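There's a structure below that I have some questions on.
Nothing in this text is a laboratory measurement; each read-out follows from the coordinates by a stated rule. Predicted model, so just to flag it, every value in this text is computed and none were measured. Note that we place each Cβ from the backbone using ideal geometry, even for glycine, and neighbour counts take in every protein chain shown.
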């Protein structure tokens, strides 16, 4: 079974300093047909104006992954971490028993564009943890594991049986992925167009594949970039 989630059908909130699209129900946007997908709870595509952002706020019992598409995002948290994340950087926070953090555009002139992802953990009240890694130089034509339950292949560990891959394709190229039995795939397009098993998708679109079989990704006349969630 497949389900297409078009970019134009997502929830949308424009606060001036923040232009945000919500793949799943979030804040004031509620759609009972799109509250989550298995353990995947939030995918927000955010664009934040220069020097603006999210002031210090709390989280708990959530795996929070941030992927910077363009620009620079300054992070500070109650665990003592500070960082400026740039294009291709991935940050993972296991909020566990509770953390506070802020996320501010580090530029005085340019917006920052990023995805914030929440994954429901498989256990609560873990000790909070932080990790960050750059995938800006990820090779095109293959999938790069960026987060996983065990942190295998130098990926960032998360508290859930979920694998998150970054894929980049040159124009007119393709790659394939063979999931384990009874796995569920969510494909989020960062830059399109991209065809997934013959289904044509554009930037911001997504495709859900329940109990997926071998899946083929094909770029058209432009480079493509996407995230692949392999969920239990």
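Distance between Cα centroids, segment 77-117 to segment 124-154: provide it in whole Å.
15
What list do you get for 92, 142 if you sort them by fewest beta carbons within 10 Å? Write out the running numbers ahead of the final one.
Values: 92 23, 142 12.
Least crowded to most crowded, the residues run 142, 92.
Same structure again: Give the separation of the Cα centroids, segment 207-232 to segment 169-204, in Å.
2
What is the list of residues in segment 35-79 whose amide nitrogen lies under 14 Å from a point 7 angstrom out from the Cα of residue 132, following Cα to Cβ?
65-69, 71-79
Under 10 Å, Cα contacts only: if you run a Gaussian network model on the chain, which one of 30, 165, 67 comes out with the highest mean-square fluctuation?
Largest GNM mean-square fluctuation: 30.
List the relative contact order of segment 87-153 as a percent without decimals, with contacts defined as Cα pairs under 8 Å and 6+ residues apart.
Relative contact order of segment 87-153: 53 percent.
Take the Cα radius of gyration of segment 1-91 and divide it by 2.2 N^0.38 Å, with N its residue count; two decimals is plenty. It would help to have the intermediate numbers written out before the result.
Values: Rg = 14.5 Å, N = 91, 2.2 N^0.38 = 12.2 Å.
For segment 1-91, the normalised Cα radius of gyration is 1.18.
Springs between alpha-carbon pairs under 10 angstrom, Gaussian network model over the chain: which of 140, 108, 97 fluctuates most?
108
Also, I was wondering about something else. Ranked highest first by average number of other Cβ atoms within 10 Å, how do 199-206, 4-11 line up? Walk me through the numbers before you get to the answer.
Numbers: 199-206: 17.9, 4-11: 15.9.
Answer by packing, highest mean first, reads 199-206, 4-11.
How high is the relative contact order of the chain? Use alpha-carbon pairs under 8 Å, at least six apart in sequence, and give a whole percent. Please list the in-between numbers first.
Details: 646 pairs, mean separation 43.1, N = 232.
About 19 percent, as a whole number.
Stretched out fully, how many nm does the piece from residue 29 to residue 6 gain, at 0.36 nm a residue minus the Cα gap? Each step should come with its number before you reach the end.
On the way: separation 23, 0.36 × 23 = 8.28 nm, distance 1.60 nm.
This chain segment gains 6.7 nm when fully extended.
Hey, can you rank 168-180, 212-224 by average C-beta count inside 10 Å, highest first?
Order by mean packing, descending: 212-224, 168-180.
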